[in-house]
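Working notes, structure below.
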Amino acid sequence: MAHLTEIAAAQPDRPALVVDGESVTYRRMMEHAGSVAGALDATTARDSLVAVWGTRSASTYTAIIGVLLSGRGYVPLNPSFPLERTLEMLRQAGSGTFVATGPATPALTDLLAALPDSTVVLAPDERGRPAAARSISTVLAADDLTPGIVQGVDPDPDSIAYLLFTSGTTGKPKGIGIPHSRLRAYLDATAEYLDIGPDDRCSQNFALTFDLSVHDLFVTWSSGACLFVTPERSLLAPSAFIKEQRLTSWFSTPTTAAMMLKLRMLTEASFPSLRLSLFCGEALPASVANAWQTAAPNSTVYNLYGPTEATIACTAHRIEPVNGTADPVESLVPIGRPFGETTIAIVDDSFVPAANGQAGELLIGGPQVAPGYWIDPERTAASFVTLDHLEPSGPWYRTGDRAELDDNGVIRYLGRVDDQLKIRGHRVELGEVESVLRRVSGAAAVVAVGWPKSPGGADGIVAFLSGTNADPPDVLDRCRSLLPDYMVPSVVHVVEVIPQNASGKADRDRLIEAFEGSR
C-alpha cells in the first residue's frame with residue numbers, strides 16, 4: 001500500500017475511481033481511506049482482520065484501502081448472502097471490527113442486530129448511529145471519522161491481506177487467507193506482461209467476495225490507472241458500458257462474454273477502445289474468444305487460470321489470432337503457461353509426473369501459493385503437499401483440475417478430478433449443496449448435479465431427493481435462506497430411489513438422463 005500512497009501523491013487530481021457516474025480522484029480516495037485507517041488504529045488491534053460489508057459504492061472501495069493502509073487485512077462480505085452464512089464467515093475470521101458501507105438495508109439491520117455487543121462498527125456513510133447497532137458499545141459514524149491522507153504501514157509480508165471464503169464440502173464456507181507477500185508476487189508478475197498505465201480505463205465487474213476483484217482493484221491502482229465500476233444493471237450485458245466509458249482494459253468471466261454473444265452484442269469492431277481483454281474463472285470456449293476478438297479488434301486477449309489458493313491467477317495464454325480469430329481447432333482455449341515465479345506439475349494418482357499429452361492432476365507451486373486453509377490443518381495437509389521427488393519439493397497446491405501439457409509446453413484444461421465445479425464463475429462444492437439439502441429436507445439420500453453442462457462446469461444445479469415427504473418449492477425457499485443464489489438448485493426432484501452404479505455410488509449420469517428424458 002506504500003506504493004499506492006506514492007502514486008496518489010504524484011497524481012492527486014487524476015481520477016482513481018468512477019462509480020455510478022461519480023468520479024473520485026486519487027486525493028479524495030486516499031483521504032477517505034485515511035479516515036478509516038485512523039479509526040481502526042484507535043479501536044482495533046493491529047493483527048485483527050476487518051470485515052467490510054458493501055458492494056459497488058465508493059465508500060466500500062475506500063474502506064478496503066483504509067484497512068490495508070492500517071496494516072490489517074480485510075474480509076469482504078456480500079450483502080446478498082444469507083445471514084447465517086455471513087455470520088459463519090465472521091465467526092471463522094474472528095473479526096471483531098465491522099465496516100458497513102453503502103445504504104442501510106433490511107439485511108444490514110438483521111446482521112447488525114446479530115453482532116456481539118463488543119463489535120466495533122464503522123459506518124462511514126451514516127450521520128449517526130445505525131438504529132440496529134444500538135446495543136453495540138463502539139460505533140463510529142461519518143461525523144466521527146476525520147478524512148486525511150496517511151502514509152500507511154508496511155505490513156508483515158506473512159500477515160493476511162485478505163481472507164475469502166469459498167464453497168466447502170462440510171456445509172460450511174472454506175476460508176483462504178492470502179498474505180501480503182503472495183499478493184505482491186501476483187502484482188509484480190502481472191505488471192510484466194499487462195503493462196497497465198495511468199491512461200488506462202479498467203473495468204470492475206467481480207463481486208468483492210470473488211478473488212478476481214482483487215486484480216481489478218490493485219492492478220489498476222498500483223498502475224495509477226482509473227477503475228470503472230460496472231453498474232449492477234449492466235453486469236450481464238455490459239456492451240453499452242464498455243463503449244460509453246471508452247474502457248481500455250476488460251476483465252470478466254467467459255460467461256459474461258458468452259451472454260453478450262447470445263444477445264448479439266459482439267458485433268464487428270464494437271469495442272474499438274479496448275487494448276487488453278482478460279478472461280478467468282472458468283473455461284474459455286474458443287467460439288467465445290473468436291467473437292470477442294472480432295468485437296475488440298485492437299485488443300490483446302488473454303485466458304487466465306488460477307484457483308483462489310494460488311492468488312487470483314498463475315497461468316496465462318495469449319490468444320494468437322488466426323485470420324482474426326483464435327485457434328479454430330480447439331473447443332477450449334488453453335490455460336497457457338505459468339507466469340511470474342509460478343511452477344506447475346501434472347501428475348498421476350501416485351504423484352508421478354505425466355508425460356506430455358498425458359492427462360493428470362495439475363499442481364501449482366511458487367510464491368503465490370497460499371499457506372493453507374484458514375484454521376483447518378487437516379484440509380491444508382490434504383491439499384498442500386510436499387513432494388521430495390519434484391523440484392522444488394513444495395509446497396504444491398493440488399488443484400483438483402485435470403490438465404495436460406502439449407509438446408509446446410502449453411497447459412490444456414480438461415475438467416475436474418472431483419465433483420467441484422464452476423457455476424457462473426464461482427467455485428461450488430456439490431457436497432456443500434447436498435449438506436444443506438439434507439438439512440432442510442430430512443431426505444435419506446440427496447444428490448446434486450451440475451446441469452446444464454458448460455465447458456467450464458455447469459450453468460446451474462439440479463437436485464434429487466429420496467426418502468422424504470418434503471415439498472420441493474419449500475425446499476428451494478429454505479435453500480435460498482442458506483445459500484448464495486448461484487448455489488441454489490434450479491429444480492428439486494423427489495424420486496423413489498437414487499440409482500447406483502457398479503461401485504455402489506449414486507449414478508449421477510442415470511439421474512440426469514432420466515431428468516432430461518422427462519423434459
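Quick check on my filter: what residues within the range 450-488 are within 23 Å of Cys280 (Cβ to Cβ) and open to solvent by less than 20 Å² (accessible area, probe 1.4 Å)?
Of the residues in the range 450-488, the ones within 23 Å of Cys280 (Cβ to Cβ) are 450, 452-461, 484-487.
Answer for the range 450-488, where residues must be within 23 Å of Cys280 (Cβ to Cβ) and open to solvent by less than 20 Å² (accessible area, probe 1.4 Å): Gly450, Gly456, Gly457, Ala458, Gly460, Ile461, Pro484, Met487.
Here is a list: Val447, Val491, Val495. Which entry is under 24 Å from Leu83 (Cα atoms), surrounded by 12 or more Cβ atoms within 10 Å (Cβ to Cβ) and among the aliphatic types (A, V, I, L, M)?
On the way: Val447 fails: under 24 Å from Leu83 (Cα atoms); Val495 fails: under 24 Å from Leu83 (Cα atoms).
So the residue among Val447, Val491, Val495 that is under 24 Å from Leu83 (Cα atoms), surrounded by 12 or more Cβ atoms within 10 Å (Cβ to Cβ) and among the aliphatic types (A, V, I, L, M) is Val491.
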Inset, instruction - Identify, by number, the condition in (1) buried (at least 23 other Cβ atoms within 10 Å of the Cβ); (2) within 30 Å of Arg85 (Cβ to Cβ); (3) not hydroxyl-bearing (Ser, Thr, Tyr) that Leu236 doesn't meet. - result: (1)
Legend entry - Residue among Arg427, Arg416, Arg438 that alone is without any contact (Cβ under 8 Å) to a residue 24 or more places away in the chain and under 20 Å from Ala463 (Cα atoms): Arg438
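This table checks each residue for (1) closer than 29 Å to Tyr305 by Cα; (2) in contact with a Leu (Cβ under 7 Å, 6 or more places away or on another chain); (3) acidic (Asp, Glu).
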{"position": "Gly409", "(1), (2), (3)": "yes, no, no"}
{"position": "Ile461", "(1), (2), (3)": "yes, no, no"}
{"position": "Asp471", "(1), (2), (3)": "no, no, yes"}
{"position": "Ser490", "(1), (2), (3)": "yes, no, no"}
{"position": "Val494", "(1), (2), (3)": "no, yes, no"}
{"position": "Pro499", "(1), (2), (3)": "no, yes, no"}
Legend entry - Those residues of the range 127-145 which are open to solvent by less than 50 Å² (accessible area, probe 1.4 Å), without any contact (Cβ under 8 Å) to a residue 24 or more places away in the chain and not small (Gly, Ala, Ser), in sequence order: Val139
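Could you pull out the residue among Pro231, Pro254, Pro198 that is of a type outside the set (A, V, I, L, M, F, W, C), farther than 19 Å from Thr55 by Cα and open to solvent by less than 30 Å² (accessible area, probe 1.4 Å)? Break it down into steps so the answer makes sense when it comes.
Details: Pro231 fails: farther than 19 Å from Thr55 by Cα; Pro198 fails: open to solvent by less than 30 Å² (accessible area, probe 1.4 Å).
Testing whether each residue is of a type outside the set (A, V, I, L, M, F, W, C), farther than 19 Å from Thr55 by Cα and open to solvent by less than 30 Å² (accessible area, probe 1.4 Å) leaves just Pro254.
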Inset, instruction - May I ask you to list the residues in the range 146-176 that are surrounded by fewer than 18 Cβ atoms within 10 Å (Cβ to Cβ), modelled with pLDDT of 90 or more and within 28 Å of Phe81 (Cα to Cα)? - result: Ser159
Legend entry - Failed item, numbered, when Leu363 is tested on (1) surrounded by 15 or more Cβ atoms within 10 Å (Cβ to Cβ); (2) in a helix (DSSP H, G or I); (3) free of Cβ contacts under 8 Å to residues at least 40 places away in the same chain: (2)
Legend entry - Residue among Leu304, Leu247, Leu284 that alone is farther than 24 Å from Ala225 by Cα, open to solvent by less than 10 Å² (accessible area, probe 1.4 Å) and not basic (Lys, Arg): Leu284
Legend entry - For Leu236: the one exception among (1) under 17 Å from the mean Cα position of the chain (by Cα); (2) touching a residue at least 24 places away in the same chain (Cβ under 8 Å): (2)
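Among the candidates Phe241, Phe251, Phe271, single out the residue that is of a type in the set (Phe, Trp, Tyr) and more than 25 Å from the chain's Cα centre (by Cα).
On the way: Phe241 fails: more than 25 Å from the chain's Cα centre (by Cα); Phe251 fails: more than 25 Å from the chain's Cα centre (by Cα).
Only one candidate qualifies: Phe271.
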Inset, instruction - Looking at (1) in contact with a helix residue (DSSP H, G or I) (Cβ under 6 Å, 6 or more places away or on another chain); (2) surrounded by fewer than 21 Cβ atoms within 10 Å (Cβ to Cβ), find the lone condition where Pro272 falls short. - result: (1)
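Among the candidates Val462, Val347, Val449, single out the residue that is among the hydrophobic types (A, V, I, L, M, F, W, C) and either at pLDDT below 95 or on the phi > 0 side of the Ramachandran plot (or both).
Details: Val462 fails: either at pLDDT below 95 or on the phi > 0 side of the Ramachandran plot (or both); Val347 fails: either at pLDDT below 95 or on the phi > 0 side of the Ramachandran plot (or both).
From the options Val462, Val347, Val449, the qualifying one is Val449.
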Legend entry - Contacts under 8 angstrom Cβ, first residue in the range 468-492 being touching a residue at least 12 places away in the same chain (Cβ under 8 Å) and closer than 15 Å to Ala445 by Cα, partner assigned to a helix (DSSP H, G or I) and open to solvent by 30 Å² or more (accessible area, probe 1.4 Å), 6 or more apart: Val492/Pro472
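Report yes if Thr5 is in a helix (DSSP H, G or I) and under 15 Å from Leu122 (Cα atoms), otherwise no. Before you say what the answer is, go through the steps one by one.
Numbers: in a helix (DSSP H, G or I): yes; under 15 Å from Leu122 (Cα atoms): no.
No: the conditions fail for Thr5.
Using the structure shown, decide if Thr209 is modelled with pLDDT of 90 or more and over 30 Å from Ala448 (Cβ atoms).
Details: modelled with pLDDT of 90 or more: yes; over 30 Å from Ala448 (Cβ atoms): no.
It is false that Thr209 is modelled with pLDDT of 90 or more and over 30 Å from Ala448 (Cβ atoms).
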Inset, instruction - Report, by residue number, each residue of the range 48-106 that is part of a helix (DSSP H, G or I), open to solvent by 10 Å² or more (accessible area, probe 1.4 Å) and either in contact with a Cys (Cβ under 8 Å, 6 or more places away or on another chain) or closer than 20 Å to Val436 by Cα (or both). - result: Leu83, Glu84, Arg85, Leu87, Glu88, Leu90, Arg91, Gln92
Legend entry - Neighbours by Cβ (under 8 Å, 6+ apart or cross-chain): first from the range 16-41, among the hydroxyl-bearing types (Ser, Thr, Tyr); second part of a helix (DSSP H, G or I) and buried (at least 18 other Cβ atoms within 10 Å of the Cβ): Tyr26/Ile7; Tyr26/Ala8; Ser35/Gly66
Inset, instruction - Tell me, yes or no, whether the range 459-481 has at least one residue that is within 19 Å of the chain's Cα centre (by Cα) and part of a strand (DSSP E or B). - result: no
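Could you tell me whether the range 16-29 includes any residue that is among the acidic types (Asp, Glu) and part of a strand (DSSP E or B)? Can you show your working first?
At the first step, the residues of the range 16-29 found to be among the acidic types (Asp, Glu) are 20, 22.
Applying the additional criterion that residues be part of a strand (DSSP E or B) yields 22.
Checking the range 16-29: at least one residue is among the acidic types (Asp, Glu) and part of a strand (DSSP E or B).
Take the range 177-195 and flag every residue that is among the small types (Gly, Ala, Ser), surrounded by 20 or more Cβ atoms within 10 Å (Cβ to Cβ) and not in a strand (DSSP E or B).
Residues of the range 177-195 that are among the small types (Gly, Ala, Ser), as a first pass: 177, 181, 185, 189, 191.
Pick out the ones that are also surrounded by 20 or more Cβ atoms within 10 Å (Cβ to Cβ) and you get 177, 185, 189.
Listed by number, the residues that qualify are Ala185, Ala189.
Of all residues being open to solvent by 40 Å² or more (accessible area, probe 1.4 Å), closer than 23 Å to Ala370 by Cα and assigned to a strand (DSSP E or B) in the range 386-411, which is modelled with the lowest pLDDT? Just the residue, please. Step through it out loud before you land on a result.
Pass one, the range 386-411, residues open to solvent by 40 Å² or more (accessible area, probe 1.4 Å): 386, 388-389, 391-393, 395, 398, 402, 404-405, 407-408.
Adding the requirement that they be closer than 23 Å to Ala370 by Cα leaves 386, 388-389, 391-393, 395, 398, 402.
When the remaining residues are screened for being assigned to a strand (DSSP E or B), the result is 398, 402.
Working: Arg398: 97, Arg402: 88.
Residue satisfying both the conditions and the ranking: Arg402.
The values are calculated or read from the model by the stated rules, or taken from the named source; none is laboratory data. Since the model is a prediction, treat every value here as computed from it, not as a measurement. Here the Cβ is made from the backbone with ideal geometry for all residues, glycine too, and neighbour counts use every protein chain on show. Ligands, DNA and RNA are stripped out before the accessible areas are found, and what is left, the full protein with its side chains, is counted by its heavy atoms. Shrake-Rupley method; radii C 1.70, N 1.55, O 1.52, S 1.80 Å.
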